[in-house]
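For reference, the structure is listed below as C-alpha cells.
The values are calculated or read from the model by the stated rules, or taken from the named source; none is laboratory data. Computed from a prediction, not measured in an experiment: that's the story for all the values here. Counting neighbours? That spans all protein chains shown, and the Cβs are built from the backbone with ideal geometry, glycine included.
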2 protein chains.
Amino acid sequence: MELTYTKQYKKLDDKDIKFLKDLLGEDRVFTGKDINDDFSHDELGGVSKYPDAVVNVLTTEEVSKIMAYAYENTIPVVGRGSGTGLVGSSVPVEGGIMINLTQMNKIVELDEENLTLTVEPGVLLMEIAKFVEDHDLFYPPDPGEKSATIGGNISTNAGGMRAVKYGVTRDYVRGLEVVLPNGKVIEAGGKVVKNSSGYSIKDIICGSEGTLGIITKAILKLLPLPKKAISLLVPFPNLEKAINTVPKIIKSKSIPTAIEFMQREVILAAEEFLGKKFPDNSSDAYLLLTFDGNSKEQIESDYEKVADICLEEGALDVYISDTDERKEAVWSARGAFLEAVKATTTEMDECDVVVPRNKVAEFVKFTNDAQKQFNIRIRSFGHAGDGNLHVYILRDDLSKAEWDKKLSDVFDAMYKKSQELDGLVSGEHGIGYAKRKYLFRQYGNDYMQLMKNIKLAFDPKNILNPGKVCE
Amino acid sequence: MELTYTKQYKKLDDKDIKFLKDLLGEDRVFTGKDINDDFSHDELGGVSKYPDAVVNVLTTEEVSKIMAYAYENTIPVVGRGSGTGLVGSSVPVEGGIMINLTQMNKIVELDEENLTLTVEPGVLLMEIAKFVEDHDLFYPPDPGEKSATIGGNISTNAGGMRAVKYGVTRDYVRGLEVVLPNGKVIEAGGKVVKNSSGYSIKDIICGSEGTLGIITKAILKLLPLPKKAISLLVPFPNLEKAINTVPKIIKSKSIPTAIEFMQREVILAAEEFLGKKFPDNSSDAYLLLTFDGNSKEQIESDYEKVADICLEEGALDVYISDTDERKEAVWSARGAFLEAVKATTTEMDECDVVVPRNKVAEFVKFTNDAQKQFNIRIRSFGHAGDGNLHVYILRDDLSKAEWDKKLSDVFDAMYKKSQELDGLVSGEHGIGYAKRKYLFRQYGNDYMQLMKNIKLAFDPKNILNPGKVCE
C-alpha cells in the first residue's frame with residue numbers, strides 16, 4: 001500500500017470565515033491585514049508565510065469543531081503557542097487556519113496526592129515553574145526559552161538544562177488530551193505512573209511538532225522541590241579540557257542537575273547585551289554546573305567530589321554560587337546567550353545536534369575549526385552534560401547569496417560530522433520546516449517512509465501542519 | 001481512507017520450510033511434533049496455539065530475511081523471548097512462523113563514558129542486572145520476572161518495583177534496532193541523551209507487544225550504582241491504613257525506591273511455597289519500602305522521616321533490613337508471590353490495572369469485597385507506590401463453565417471500577433490477546449481506530465503478531 005500526501009487544499013473563502021465567526025464570534029477571528037506579523041514566522045526558522053485566518057480559541061470543543069470542519073473541507077490548520085520555535089514548525093507554509101492556543105492558558109488542577117499538574121496548552125513555562133515552586137513542588141524540564149507555552153514545549157520535546165539528572169519533557173508528561181486532525185478528541189495516558197495499555201500515543205504526540213494532533217490539555221508529573229541548589233562556575237584554560245572533563249563527571253556518582261559549557265566570546269556578548277558583569281571572564285572556557293538535593297551535606301559532598309575532578313582535569317579555579325544573588329548573576333547570563341549572540345549580528349541560524357556525551361569535545365572542535373574553513377563567525381554553547389549543542393552561524397555582513405550558500409555548506413558539513421559521531425539532527429529544537437533535508441539524509445528512505453505512514457495514520461488528509469518534519 | 005486488516009494468510013508449505021532451512025540450517029528450524037509445547041503458550045494468557053514453525057535466529061540479518069520473505073508471502077510471524085508474558089502476547093494465534101530470539105543473547109557493549117549498555121534482545125533481565133552491578137553500574141527497571149528477556153520486557157514496557165523513584169523501562173531505552181514487518185532494518189534513537197529528530201519510533205515500539213517490529217538490539221541507559229540500599233518492612237493493622245499512608249510518603253521529600261504492599265494470606269502462601277519464614281507474619285497488611293543512595297546518612301535521614309510518617313498513620317512497628325541477608329529474606333518472598341499464589345490453586349488469571357496512587361486503597365478494598373460478592377478467592381499484591389496492582393483470581397475447584405463465567409464477571413467489574421477511578425487496563429503486563437476487550441471498552445472507537453491505523457502504518461499486511469492489542 002503506497003500512501004501519498006494530499007496537496008490539494010481548499011482555499012479559505014467567505015463561507016469558511018463565516019463558519020469561524022459563527023463559532024467564535026467576530027472578535028476572535030482575524031483575516032487579511034488584521035493578522036499580526038508575528039503569526040507569519042517564528043523566532044529563527046528562516047521561513048515566513050501568513051495564515052489566511054488566525055483564530056483565538058478558548059476550549060477543546062472549539063478546537064474540535066474547527067478541526068472537524070477543516071477536515072471535511074480539506075483546509076490546512078496549524079496550532080500555535082508563543083511562536084518561540086527555531087525551525088519554522090509553527091509557520092503555516094500552506095496557509096489556511098492558524099489556531100492560536102495562547103488564550104487556553106489556565107492551570108486546571110494541582111493534585112498534591114498524585115503529584116500532578118493539569119494545564120491547558122497556553123500556560124507558559126515560567127508560569128508553571130513559579131506556580132509549582134510556590135507549592136513546594138518542582139517541574140524539572142527547563143528549556144532556555146521560559147516564555148514558550150507548555151503545548152509548544154511538549155510538541156518539540158525540548159528538554160532544557162536539567163536533562164542530565166532529570167530527563168526531558170516527555171518524561172514529565174503523564175497524560176495528554178489531544179484533538180485529532182478529524183476533530184475527534186482522545187485522552188492518552190492519565191494521572192497513572194505506569195501504562196502498558198496499547199501503543200503509547202502520548203509518547204508519539206510528544207515531539208511531533210504539531211503534525212499529529214493539537215494538544216488541548218496536559219497532565220504533568222511533578223517532584224518534591226529540592227530544598228537546596230548551588231551552582232559551580234569552573235574556568236578552564238581551553239574548551240577541550242573543559243569538555244573532556246564531562247564524561248568523568250558523568251561516571252562519578254555525583255550527578256549534577258546541569259552541566260553547561262560556554263566560551264569567553266559568548267560571555268562577553270552576554271555582558272554587553274545585559275549591561276551586567278559576569279562573575280569572571282578571564283578564561284577561555286567554562287563549565288557551569290548545578291547540584292540540587294535536600295540537605296546541605298549531601299550537596300556539599302557531591303559538588304566537592306566534582307570540583308576535585310575538575311581541578312584534576314586542569315580547571316583553573318572553582319567558583320561556588322550558593323546565594324540566590326550569585327546564582328542569578330550566572331544564570332541570567334546563561335539565559336541571555338541566544339539573544340546576546342543574535343544582537344551581535346544581522347541574522348543567524350542554528351544547528352541543534354545531539355551527540356553522545358563523549359563526542360561533544362570533538363564536535364565543538366569541529367565547529368571552531370569550521371570558522372576558519374568557511375570564513376564565517378560561529379558561536380556555540382549548550383548542554384555539555386547531555387550532548388546537546390546549540391551552534392549559531394552568524395551572517396554578519398554577508399550578502400544574501402553568499403549567506404545562503406555558506407549557511408548551506410556549513411550545515412551540510414556539521415550534520416555530516418554529527419552523523420559520523422553517532423549524533424542526531426536535533427536534540428530539542430525539532431525538525432520543523434528548516435531541518436527536513438538533514439533528517440532525510442540521516443534516516444534514509446525506509447525510516448522516512450515509516451514516519452510518513454505514521455503521519456497519515458493520524459492525518460489521512462494531511463491537513464494538520466503540512467509540510468513539516470517528514471514531508 | 002478506511003484501512004482494513006488482512007486475515008487471508010498463506011499457510012506454511014514445504015517450499016517455505018525449505019526457505020527457512022536453507023537460510024538457517026536444518027538444526028535451527030522446528031516443525032510439527034518437534035516444536036516444544038512451551039512455544040504454544042505463555043505463563044498465564046489463557047490461550048494456546050502452536051506455530052507452524054519455530055526458528056532459532058542468531059543475527060539481525062536472519063530476522064530481516066525471514067520478515068522480508070514472510071511479508072512477500074503474507075505469512076504471519078511472532079517474535080518470542082522467554083515466554084514469561086501473562087496476557088498471551090507471544091502466542092501465535094494465527095499460526096505461521098515463530099522467531100525465537102533467545103539465542104540472540106550477547107551483551108554487545110558497555111560504554112562507561114556514555115553510561116549505556118548495548119544488548120541483543122535475548123539477554124535476560126537477571127543477566128543485565130548482574131553484569132552492570134559487577135561494573136558498579138545500575139539498570140533500574142526491575143520487573144518481578146527476572147528470567148524475562150530484555151526484548152520481551154521492552155515490548156511490554158514492564159516497569160517493575162523501582163518505578164516510584166526511577167521510572168519504567170521506556171525511560172531506560174535510549175535506542176533500538178528494529179526489523180520492520182517488511183524486513184527493513186531501522187535504528188531509532190541511539191546513545192544520545194536527548195532526541196527531537198522526528199516522531200519517536202523508539203517510544204512507540206516500547207510497549208507495542210511485538211506487533212510493530214522485532215527488536216534486535218537495544219541501547220539501555222545506565223546509572224551509577226547507588227552505594228547503599230536498605231529495606232523497611234512495616235506492619236499495619238489493616239490494608240486500608242497501610243495503603244492510605246502511601247500518598248503521604250509520596251508527598252514527603254524522601255522518595256523511596258519502591259513501595260510494595262502485601263497481605264498476610266500472600267505472605268503465608270510464600271512461606272509455604274519457599275519453605276522459608278518471612279521475618280514477620282503476625283499482621284494483616286504490610287508495606288515494604290526500599291531506599292537507596294550514596295551515603296548512610298542520606299538514606300538514614302530519608303527512611304527515618306518515612307518511618308515516622310508510617311507510625312503516625314498507624315503502623316505497628318518498623319523493621320529495618322540493612323544487611324544483605326535480611327533483605328534477601330524479605331525480597332525473595334516478594335519475588336515468589338506470583339508462583340506461590342499459583343501453587344495454591346488449580347488455575348488463575350490476573351488483572352494488572354494501574355490507578356492514580358491515591359486510588360489504590362479504594363481499588364484494593366473493591367477487590368477484597370469482590371471475593372464475597374462473587375464467592376471466589378482473590379489475592380492481590382503489587383506496587384502501591386506507582387498505583388499498579390496485580391490482582392489474581394483463583395479458580396480452585398470451579399468447573400470450567402463456572403470458572404469462565406465467574407472470571408468474566410469479575411474482570412468486567414474490576415475493569416469498570418478501574419475506569420471509574422481514572423485507571424487504565426494495564427500498568428505493565430500489556431494487553432496481548434487476553435485484555436483486548438477491556439482496552440476497547442476503555443478507549444472507545446476513535447482511539448482504537450487510531451491504534452489500528454498505527455499498526456497498519458508499520459505493518460500494512462498485518463503479518464506481525466496478528467490478533468493482538470488493538471485487533
Check your understanding: A:Arg377 is checked against (1) basic (Lys, Arg); (2) without any contact (Cβ under 8 Å) to a residue 60 or more places away in the chain; (3) under 30 Å from B:Leu456 (Cβ atoms) and fails just one. What number does that condition carry?
Key -> (3)
Study note, to complete from the structure: Being surrounded by fewer than 24 Cβ atoms within 10 Å (Cβ to Cβ), away from every other protein chain (no Cβ under 14 Å), touching a residue at least 60 places away in the same chain (Cβ under 8 Å) and not in a helix (DSSP H, G or I) narrows A:Pro235, A:Pro226 down to just A:Pro235
Check your understanding: Restricted to region A:413-427, and to residues that are small (Gly, Ala, Ser) and touching a residue at least 60 places away in the same chain (Cβ under 8 Å), which residue is farthest from the other protein chains (Cβ to nearest Cβ)?
Key -> A:Ser418
Point to revise | From B:Tyr69, B:Tyr50, residue being of a type in the set (Phe, Trp, Tyr) and either closer than 22 Å to B:Pro460 by Cβ or within 14 Å of chain A (Cβ to nearest Cβ) (or both) | key: B:Tyr69
Check your understanding: When you look at A:Lys184, is it at the interface with chain B (Cβ under 8 Å from one of its Cβ atoms), out of contact with any His (no Cβ under 8 Å at 6 or more places or on another chain) and surrounded by fewer than 21 Cβ atoms within 10 Å (Cβ to Cβ), yes or no?
Key -> yes
Review point. Given B:Glu177, B:Glu145, which one is assigned to a strand (DSSP E or B), more than 10 Å from chain A (Cβ to nearest Cβ), acidic (Asp, Glu) and touching a helix residue (DSSP H, G or I) at 6+ places or on another chain (Cβ under 8 Å)?
Key: B:Glu177
**Study point:** Residues that are within 14 Å of B:Asp42 (Cα to Cα), within 9 Å of chain A (Cβ to nearest Cβ) and out of contact with any Phe, Trp or Tyr (no Cβ under 9 Å at 6 or more places or on another chain), drawn from region B:428-451
**Key:** B:His429, B:Gly430
Review point. Is there any pair with a first residue in region B:109-124 that is within 14 Å of chain A (Cβ to nearest Cβ) and more than 18 Å from A:Pro247 (Cα to Cα) and a second that is of a type in the set (S, T, N, Q) and in a strand (DSSP E or B) whose Cβ atoms are under 9 Å apart and which are 6 or more apart or on different chains, and what are they?
Key: none
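Here is a yes/no grid of residues against (1) within 24 Å of A:Asn105 (Cβ to Cβ); (2) in contact with a helix residue (DSSP H, G or I) (Cβ under 7 Å, 6 or more places away or on another chain):
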{"residue": "A:Lys7", "(1), (2)": "no, no"}
{"residue": "A:Asp14", "(1), (2)": "no, no"}
{"residue": "A:Phe39", "(1), (2)": "yes, no"}
{"residue": "A:Val47", "(1), (2)": "no, no"}
{"residue": "A:Val57", "(1), (2)": "yes, yes"}
{"residue": "A:Glu62", "(1), (2)": "yes, yes"}
{"residue": "A:Ala70", "(1), (2)": "yes, no"}
{"residue": "A:Ser82", "(1), (2)": "yes, yes"}
{"residue": "A:Pro92", "(1), (2)": "yes, no"}
Practice item. Of the conditions (1) outside any loop (DSSP other than H, G, I, E, B); (2) surrounded by fewer than 21 Cβ atoms within 10 Å (Cβ to Cβ); (3) not small (Gly, Ala, Ser), A:Lys276 clears all except one; give me its number. Key: (1)
Exercise for review: State all residues of region B:170-209 that are in contact (Cβ under 8 Å) with a residue 60 or more places away in the chain and under 15 Å from the mean Cα position of the chain (by Cα); if no residue qualifies, say none.
Suggested key: B:Gly207, B:Ser208, B:Glu209
Check your understanding: For region B:71-109, what are the residues that are polar (S, T, N, Q) and over 21 Å from the mean Cα position of the chain (by Cα)?
Key -> B:Asn73, B:Thr74
Study note, to complete from the structure: Going through region A:310-352 in order, the residues found to be assigned to a helix (DSSP H, G or I), in contact (Cβ under 8 Å) with a residue 60 or more places away in the chain, touching a strand residue (DSSP E or B) at 6+ places or on another chain (Cβ under 8 Å) and of a type in the set (Gly, Ala, Ser) are none
Study note, to complete from the structure: Looking across region A:418-441 at residues that are touching a helix residue (DSSP H, G or I) at 6+ places or on another chain (Cβ under 9 Å) and of a type in the set (A, V, I, L, M), the single one that is farthest from A:Lys49 (Cα to Cα) is A:Leu421
Exercise for review: Could you tell me which of the residues B:Glu94, B:Glu72, B:Glu109 is assigned to a helix (DSSP H, G or I), more than 27 Å from B:Ala336 (Cα to Cα) and either out of contact with any His (no Cβ under 7 Å at 6 or more places or on another chain) or outside the structural domain of B:Arg174 (by TED's automatic domain parsing) (or both)?
Suggested key: B:Glu72
Review point. Taking A:Val410, is it β-branched (Val, Ile, Thr), under 18 Å from the mean Cα position of the chain (by Cα) and more than 7 Å from every other protein chain (Cβ to nearest Cβ)?
Key: no
Exercise for review: Might you check whether a residue that is of a type in the set (Ser, Thr, Tyr) and either within 7 Å of chain B (Cβ to nearest Cβ) or closer than 30 Å to A:Ser252 by Cβ (or both) occurs anywhere in region A:211-221?
Suggested key: no
Practice item. Note down all Cβ pairs under 8 Å where the first residue falls in region B:31-47 and is within 25 Å of B:Phe19 (Cβ to Cβ), the second is in a helix (DSSP H, G or I), and they're at least six residues apart or on different chains. Key: B:Thr31/B:Ile17
Practice item. Tell me, yes or no, whether region A:287-309 has at least one residue that is farther than 30 Å from A:Leu223 by Cβ, touching a strand residue (DSSP E or B) at 6+ places or on another chain (Cβ under 9 Å) and of a type outside the set (Lys, Arg). Key: no
**Study point:** Matching entry among B:Asn105, B:Asn56 (being in contact with a Lys or Arg (Cβ under 9 Å, 6 or more places away or on another chain) and not aliphatic (A, V, I, L, M))
**Key:** B:Asn56
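Per-residue answers, yes or no, for (1) out of contact with any Ser or Thr (no Cβ under 8 Å at 6 or more places or on another chain); (2) more than 30 Å from A:Ser90 (Cβ to Cβ); (3) in the same structural domain as A:Ile150 (by TED's automatic domain parsing); (4) assigned to a strand (DSSP E or B):
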{"residue": "A:Val193", "(1), (2), (3), (4)": "yes, yes, yes, no"}
{"residue": "A:Gly210", "(1), (2), (3), (4)": "no, no, yes, no"}
{"residue": "A:Lys217", "(1), (2), (3), (4)": "no, no, yes, yes"}
{"residue": "A:Lys241", "(1), (2), (3), (4)": "yes, yes, no, no"}
{"residue": "A:Pro247", "(1), (2), (3), (4)": "yes, yes, no, no"}
{"residue": "A:Glu271", "(1), (2), (3), (4)": "yes, yes, no, no"}
{"residue": "A:Ser282", "(1), (2), (3), (4)": "yes, yes, no, no"}
{"residue": "A:Tyr286", "(1), (2), (3), (4)": "yes, yes, no, yes"}
{"residue": "A:Lys305", "(1), (2), (3), (4)": "no, yes, no, no"}
Point to revise | Check on B:Ala401, surrounded by fewer than 16 Cβ atoms within 10 Å (Cβ to Cβ) and either at pLDDT below 95 or away from every other protein chain (no Cβ under 14 Å) (or both) | key: yes
Point to revise | Checklist (1) buried (at least 21 other Cβ atoms within 10 Å of the Cβ); (2) within 24 Å of the chain's Cα centre (by Cα) applied to A:Gly167, failing item | key: (1)
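Let's see how each residue does on (1) within 14 Å of chain B (Cβ to nearest Cβ); (2) of a type in the set (D, E, K, R); (3) crowded, with 17+ Cβ neighbours inside 10 Å; (4) under 29 Å from the mean Cα position of the chain (by Cα):
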| site | (1), (2), (3), (4) |
| --- | --- |
| A:Lys296 | yes, yes, no, no |
| A:Gly314 | no, no, no, no |
| A:Arg326 | no, yes, no, yes |
| A:Ala329 | no, no, yes, yes |
| A:Arg334 | no, yes, yes, yes |
| A:Glu350 | yes, yes, yes, yes |
| A:Ala361 | yes, no, yes, yes |
| A:Gln371 | no, no, no, yes |
| A:His390 | yes, no, yes, yes |
